[in-house]
Every structure is written in C-alpha cells, then in structure tokens.
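Report on one structure; see the data block that follows.
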Amino acid sequence: MYIAIYPDIDTLSREAAQYIVRLASESIVMHGRFTIALSGGSTPRKLYSLLGSEPYRSQIDWALVEIFWSDERCVPPDSEDSNYRMARETLLSNIPIAAKQVHRMPADQPDRDVASQAYTLEMQGTFGTDGIPRFDLIQLGMGPEGHTASLFPHQPSLHEQQRLVMPVITPKPPPPRLTFTPPLLNAARHILFLVTGADKSDAVHAVLEGEYNPDEYPAQIVRPKDGEVTWMLDTAAAEKLRDRS
Ligand code: 6PG
C-alpha cells in the first residue's frame, strides 16, 4: 500500500492525473488496453477535468481505454446526482472516445437486479471472461464514515461473495444505488483512493491505522489479492494519521 499526502486538492489532482497517465501507458503496453472504473462524488471532479484537458488528455490513447463506474445512483443519467453526468461534463465530453467504450451503469433501470446482472455481463463481455473482471484501475473515494463505492457500514453488501454488482439502499442520498461488491473490487490490479478534507480525517486514521473492522469502516474491505492500493490524501484528510512518513 502506498500513501501520498499533498497540500491541497489541486496538487493531489495533478498527481493523480499523472499517475493515471502512467498507468494507462503501462497497461496498454502490457496488454493492449486500459480498463478503468470511475467513482462518483465530488472529489474526483478536478481530476476528471484535468484528464479531459491538456497536457494530460493527449497522453492517453483513448481508443484503447474502457471506462466503467464502480457505483451509480438510481437516477436518470442527466440528473445532478448522476455520477455518469459528472464524468460526462468533466471528462467524457472532452476526450476522443467511442461511445461503445463508455459503459454507463444502468442504475436508472426500474429492475435493479436485472440492471446489476446486465452490467456484470457487459463487463465480462468487455473483459472476455465469465469470471471476475480484473480492472487495471478502480478509482475510489471515501465518505466521512469510511464508506467507499456504495458499500456502507453494517450493510449486507460488505459480505457479498457471489454477485459482482448489486443493488443497495444507502444512508447517503440518493439512497437507491448499484455498486461494485468486494470480490470485484479485490480483483483489481490497482486501486486509487482519492480523499480530501478534514471531515474525513477520523475515517482515514481508522481505516489506515486502526483495527481491521470493515463492517465499521467499509474502505478496509478493499484489499486486492494481487493488486496495489494507493491512497492520495490532502493534509487535512491526513491530519490524524500518526505515521505520516
Ligand atoms: C458516490 C461515490 C462515493 C464517494 C464518497 C466520497 O456515488 O457517492 O461513489 O463512494 O466516492 O461518498 O464522496 P465525495 O468525493 O463527494 O466526498
């Protein structure tokens, strides 16, 4: 696990953009494409805007990138609450990528179980597997109580071992969502957590330095068997870390 601390979200976002440019190049050299799952929330807005503008945009061969989402609210894709809409405004509308390579999570479909299964099949089709897709990168955020994706404390989703995507009802509005589950998250080659703000400092300390207790702090469930986890924090989010070396 790697932990990097930056003075502010702008610096953090530039570093994250450079990290993703580098990882995309490595993935394309290694196996001919780069598969990424985006998070939602507000923290990655600046990162996505950077990736959709120079100098970062032209450093990624978008023709070889497959974009997915690690969770989505059950709202229309043009809703202000839509993670897809945020990515479309900041990134997708500014990069040369074919629509078939942008895999929106169909969380607005009325039957959320059918939508979860359809997304799973779409992922497996893209990855050419009937097993667990292994993302090159899953980018995640974390809430002030330690949730990540739409995995929240004390919810059954934390113990899901079969499904790769599932419907949940979350305490963070809007409640109905679809989310990646632990087996899918933990198959990733790389995980990048982006966490900023003093309101998350208690959870950052508990997740990174506390007892392993994912029911209380779901971000702890993300421990890929054969993958690398990187945390990019600003100084406010890191202020309660004992070991800041
Ligand atoms: C979502 C996200 C969620 C988010 C955290 C942090 O759909 O809300 O996927 O897991 O990453 O809640 O959100 P902020 O970046 O807005 O603090």
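The values are calculated or read from the model by the stated rules, or taken from the named source; none is laboratory data. All figures in this text were calculated on a predicted structure; none of them were measured in a lab. As a convention, Cβ positions derive from the backbone with ideal geometry for all residues, glycine included, and neighbour counts pool all protein chains shown. Accessible surface is based on the protein model in full, side chains and every heavy atom, while ligands, DNA and RNA are left aside. Shrake-Rupley method; radii C 1.70, N 1.55, O 1.52, S 1.80 Å.
Is it true that ALA149 is within 14 Å of VAL222 (Cα to Cα), open to solvent by 10 Å² or more (accessible area, probe 1.4 Å) and in contact (Cβ under 8 Å) with a residue 60 or more places away in the chain? Explain how you work it out, then say what you get.
Numbers: within 14 Å of VAL222 (Cα to Cα): yes; open to solvent by 10 Å² or more (accessible area, probe 1.4 Å): yes; in contact (Cβ under 8 Å) with a residue 60 or more places away in the chain: yes.
When the stated conditions are applied, ALA149 passes them.
Within segment 32-118, which strands (runs of 3 or more DSSP E) (wholly inside it) include 2 or more residues that are without any contact (Cβ under 8 Å) to a residue 40 or more places away in the chain, touching a strand residue (DSSP E or B) at 6+ places or on another chain (Cβ under 9 Å) and open to solvent by less than 30 Å² (accessible area, probe 1.4 Å)? Give the steps one after another, and end with the answer.
Details: elements: 34-38, 65-69, 71-73.
In segment 32-118, the matching strands (runs of 3 or more DSSP E) lie at 65-69.
Any residue at all in segment 121-133 that's in contact (Cβ under 8 Å) with a residue 60 or more places away in the chain, closer than 24 Å to ASP81 by Cβ and open to solvent by 10 Å² or more (accessible area, probe 1.4 Å)?
Looking through segment 121-133, none of the residues is in contact (Cβ under 8 Å) with a residue 60 or more places away in the chain, closer than 24 Å to ASP81 by Cβ and open to solvent by 10 Å² or more (accessible area, probe 1.4 Å).
Give me a count of the residues in segment 21-50 that are on the phi < 0 side of the Ramachandran plot and within 16 Å of the ligand (Cβ to nearest atom).
As a first pass, look at segment 21-50 and keep what is on the phi < 0 side of the Ramachandran plot: 21-31, 33-40, 42-50.
Now narrow it down to the ones that are within 16 Å of the ligand (Cβ to nearest atom): 36-40, 42-50.
Counting residues in segment 21-50 that are on the phi < 0 side of the Ramachandran plot and within 16 Å of the ligand (Cβ to nearest atom) gives 14.
Is it the case, given these coordinates, that LEU158 is hydrophobic (A, V, I, L, M, F, W, C) and surrounded by fewer than 21 Cβ atoms within 10 Å (Cβ to Cβ)? Spell out the reasoning first.
Values: hydrophobic (A, V, I, L, M, F, W, C): yes; surrounded by fewer than 21 Cβ atoms within 10 Å (Cβ to Cβ): yes.
Criteria met by LEU158.
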